[in-house]
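Novice: Below you'll find the structure I mean.
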Amino acid sequence: MKATPLFSLLLALTLGAAPNAGLKPVWEDDFNAKELDPKKWSINGSARIVDGKLQLEVTPKEKAGFWNGSNANTSKHFTHGQGYFEASIRAVQSKNRGWTVFGIRNQDMSKVPSASLHLVFTGDDRIDPTLHLVEDAGQERLSPKDRVIAMAGGKSYKKFLTYGLQWTATSYIWYVEGRQVHKLSRPIPKEPMYIEFYQHLPEGGLLKDFMNPKLGPEPMQIDWVKVFKIP
C-alpha cells in the first residue's frame, strides 16, 4: 500500500532525546522588546516586533498586485559554528503568496565547501527542507525525494511550532517539533553561519492572488529563536 504524505511524515519522525538535550545555549532572542535589537539584527522591508513576535510583513508597491517582501538576519552581528539553531514559528496559511524561510548560511558562499540550509514554508501546511551546497563539483540544491513534508489540519499555521536546523562535523539535520524529518551527509564547511528569516516573492514581487493593496498576504511570525553549541 502506498504511504500517504502524513503517514510518510510519521515514519520519518524519529523518537529520542530533544535535539538540544545536553547542548549549551549561546545566543537567543525572545522579541519581548518594543523594537528589534539593532545589535542582533539587520532588517530590510517591514520586519518589526508586534505583540512579542518578530513579524515579517509583505507591503504593497505602487502598482496593484506587486509587493515588497522583508527579511531579518544576523549576518553582521552573530555567527556560530557547528550547532543547533531553533525557532518557534507560525507559518503562513496562504498558497501562491511566495515563500517564507527560516535558514542558516555561511557568510561567503563562494568558498568550497559552503552551505545554506533552510526550512521553506509555502502555505497550506507545506514545508520543504533544502540544502544549497557549494563544493568542488559546483553548486547544487538538495531536497528530499518527495520534496515537501506534508502536515495536516492547519497545524503549521494555526499555532507556533518549533523548527530546528543543525549541522555537525558529518551531517545537516532538519527538525520539526524536536523530531528529525530530514538528514544529509555532505561536505561540511569550516566557516560559521548566521540566521535568516525572509519573505521570498516571485520575480518583481507580482502576486496574482493579491491585487488589492489593502488585502495582502499574512505575515510570517517568529516567537523566539535560540542557538546551541555542540560540545
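Read-outs: derived from the displayed coordinates by stated rules, not from any lab. Because the structure is predicted, anything quoted here is derived from the model rather than measured. Note: ideal-geometry Cβ built from the backbone for every residue, glycine included; neighbour counts use all protein chains shown.
Novice: Calculate how large, on average over all directions, the projected area of the Cα convex hull of the stretch 20-173 is; give the answer in nm² to one decimal. Walk me through the numbers before you get to the answer.
Specialist: Numbers: hull surface 45.8 nm².
For the Cα atoms of the stretch 20-173, the hull's average projected area reads 11.5 nm².
Novice: Output wanted: per-residue J couplings in Hz (rounded whole) for the stretch 129-140, from phi through Karplus 6.51 cos²θ - 1.76 cosθ + 1.60, θ = phi - 60°, x for Gly and Pro.
Specialist: x, 9, 10, 9, 10, 10, 9, 4, 6, x, 9, 8
Novice: If you don't mind, another one. Give the calculated FRET efficiency between ARG186 and SER110 to the nearest 0.05, with a Förster radius of 22 Å applied to their Cβ-Cβ distance.
Specialist: Plugging the Cβ-Cβ distance into 1/(1 + (r/R0)^6) gives 0.80.
Novice: Just want the answer: with Cβ charges of +1 for Lys and Arg and -1 for Asp and Glu, which residue in SER94, THR59, HIS132 is farthest toward the dipole's positive end in the stretch 53-135?
Specialist: Towards the positive end, the residue furthest out is THR59.
Novice: Please find, in a Gaussian network model of the chain (springs between Cα atoms separated by less than 10 Å), the residue of GLU140, GLU62, GLU28 whose mean-square fluctuation is greatest.
Specialist: GLU62
Novice: Right, something else. Over the stretch 60-113, what lengths in whole Å, largest first, do the semi-axes of the equivalent ellipsoid take, defined as the square roots of 5 times the eigenvalues of the alpha-carbon gyration tensor?
Specialist: Values: eigenvalues 164, 52, 25 Å².
Listed largest to smallest, the semi-axes of the stretch 60-113 are 29, 16, 11 Å.
Novice: While we're here: Quick check: convex hull of the Cα atoms in the stretch 20-70, volume per residue, rounded to a whole Å³?
Specialist: 117 Å³
Novice: If you take the beta carbon distance between HIS77 and SER46 as r and set R0 to 22 Å, what does 1/(1 + (r/R0)^6) give as a FRET efficiency, to the nearest 0.05? Write out the running numbers ahead of the final one.
Specialist: Values: r = 20 Å, r/R0 = 0.90.
Calculated transfer efficiency: 0.65.
Novice: Now, a different point. Using only the alpha-carbon atoms, what does the stretch 147-218 span along each of its principal axes? Please give whole angstrom values in decreasing order.
Specialist: If we take the Cα atoms of the stretch 147-218, the spans are 48, 31, 21 Å.
Novice: Okay, moving on. Write down, largest first, the equivalent ellipsoid semi-axes of the stretch 107-231 in whole Å, where each equals the square root of 5 times an eigenvalue of the alpha-carbon gyration tensor. Don't skip to the answer; put the middle values down first.
Specialist: Values: eigenvalues 154, 71, 41 Å².
In descending order the semi-axes read 28, 19, 14 Å.
Novice: From the cross-link list LYS24/LYS95; LYS61/LYS111; LYS61/LYS158; LYS61/LYS145, which pairs have alpha carbons spaced over 32 Å apart? Walk me through the intermediate numbers first.
Specialist: Details: LYS24/LYS95 37 Å; LYS61/LYS111 36 Å; LYS61/LYS158 28 Å; LYS61/LYS145 37 Å.
Checking Cα-Cα distances, LYS24/LYS95; LYS61/LYS111; LYS61/LYS145 exceed 32 Å.
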